[in-house]
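Below is one structure, written out as structure tokens; comments come after it.
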């Protein structure tokens, strides 16, 4: 019995992971020169992507995703449809409130809508939390770490050779999402890879079909 | 989801078969009986199509293009070239869907083949000209300036998925003007066919090879 607390403590310690170490710039001049990567939308945009879903590295299906996103108001409207044009899911997120307009099974769970909106925010919007650290990772990449209101950590990382990556960690340091922008030049949203670490891990490969800026007035009307 | 996707795919196919059949002699027909007679002569159909998807979130329709093949009694190929390539092939009671991955066509692993088979049986009924005898849809014809055929789902499984399908036939030219698959007021798909070829030989590999 005496060993039980120790066992629990051991399990707890092993279940907690540590966030990658970000080394602070060595001089104030270096710190000043260090710019946080920002692969996020700078204006309101409508994007259409072909989305390939993969489980255990094998392609399962391909769908079309439409995203309408305003980085200023953080308003999101999104839809998922099949290649044949059938809309499986349609929802809006305004000031944190999610309104599902259409959801066919199995995309009709509250969790699906919430997770999808969170993933869209992670890809297209700058983190809402405060910046906690900025510096250099052990591989030389520039990284900025944000602390979200819900306790999650978001690292935005850029590497000259590998491009930009966003990583979302739980408050315990467990990696939950990894977003990789595969294009280092041109439209950064041309090819995006999302790796989700859930009960069943999956990945999404998003290939841009079309993108267009949206006029402020028309977005309001929509 | 996949079963419903496949069902929707085949609703598209059913609709397209219906409209292509309508190309033959529909101008003179005043009821479904004429269509039934016309369909008996169909051995093959092939056509190019353009699909326009309209919904509130899109400022302009999303355009898809593809090609459709049919060979009596039950071989089908419904292929999209863009914006993403996908193929549904039905051949000898075996139905598969293929999607592109890494430049190759791979089989859609998410299932739904059983649902596709069920719907394929319905397609066979339509191919026999029994448009108004399919219990899954209530069919009506309205003779106006053009002829409008409306198909309304009758089964609960389609509730919330498809509101209705409208097929508009031109009386003058005996051609299909439009086909609309309406999911809701702001959400519909329009498919237009061109280069329709009836009873032209189709290489059997079209129904066997996804490449």
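The values are calculated or read from the model by the stated rules, or taken from the named source; none is laboratory data. Being a predicted model, the structure only gives us computed values, none of them experimental. So basically every Cβ, Gly included, is an ideal-geometry build from the backbone, and we count neighbours across all protein chains shown.
Of note:
- With respect to being buried (at least 16 other Cβ atoms within 10 Å of the Cβ) and at pLDDT 90 or above, residue A:211 falls outside the description.
- Tally, over region A:118-142, of residues that are part of a helix (DSSP H, G or I), away from chain B (no Cβ under 14 Å) and in contact with a strand residue (DSSP E or B) (Cβ under 8 Å, 6 or more places away or on another chain): 5
- Any hit, region A:69-85, residues being surrounded by fewer than 17 Cβ atoms within 10 Å (Cβ to Cβ), more than 13 Å from chain B (Cβ to nearest Cβ) and part of a helix (DSSP H, G or I): no
Yes or no, residue by residue, for (1) under 20 Å from residue B:65 (Cβ atoms); (2) within 13 Å of chain A (Cβ to nearest Cβ); (3) at pLDDT below 80:
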residue: B:84; (1), (2), (3): yes, yes, no
residue: B:91; (1), (2), (3): no, no, no
residue: B:110; (1), (2), (3): no, yes, yes
residue: B:131; (1), (2), (3): no, no, yes
residue: B:138; (1), (2), (3): no, no, no
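- Residues being under 21 Å from residue A:205 (Cβ atoms), buried (at least 17 other Cβ atoms within 10 Å of the Cβ), touching a residue at least 12 places away in the same chain (Cβ under 8 Å) and in contact with a strand residue (DSSP E or B) (Cβ under 7 Å, 6 or more places away or on another chain) are represented in region A:89-101 by at least one member.
- Filtered residues of region A:24-64 (kept if over 19 Å from the mean Cα position of the chain (by Cα) and assigned to a strand (DSSP E or B)): A:58, A:59, A:60, A:61, A:62
- Condition met for residue B:103 (buried (at least 16 other Cβ atoms within 10 Å of the Cβ) and either modelled with pLDDT of 80 or more or within 13 Å of another protein chain (Cβ to nearest Cβ) (or both)): no
- Residue within region A:105-114 that is within 30 Å of residue B:192 (Cβ to Cβ) and part of a strand (DSSP E or B) present: no
Conditions tested, residue by residue: (1) within 21 Å of residue A:206 (Cα to Cα); (2) more than 12 Å from chain B (Cβ to nearest Cβ).
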position	(1), (2)
A:29	no, yes
A:34	no, yes
A:41	yes, yes
A:44	yes, no
A:50	yes, no
A:58	yes, no
A:62	yes, no
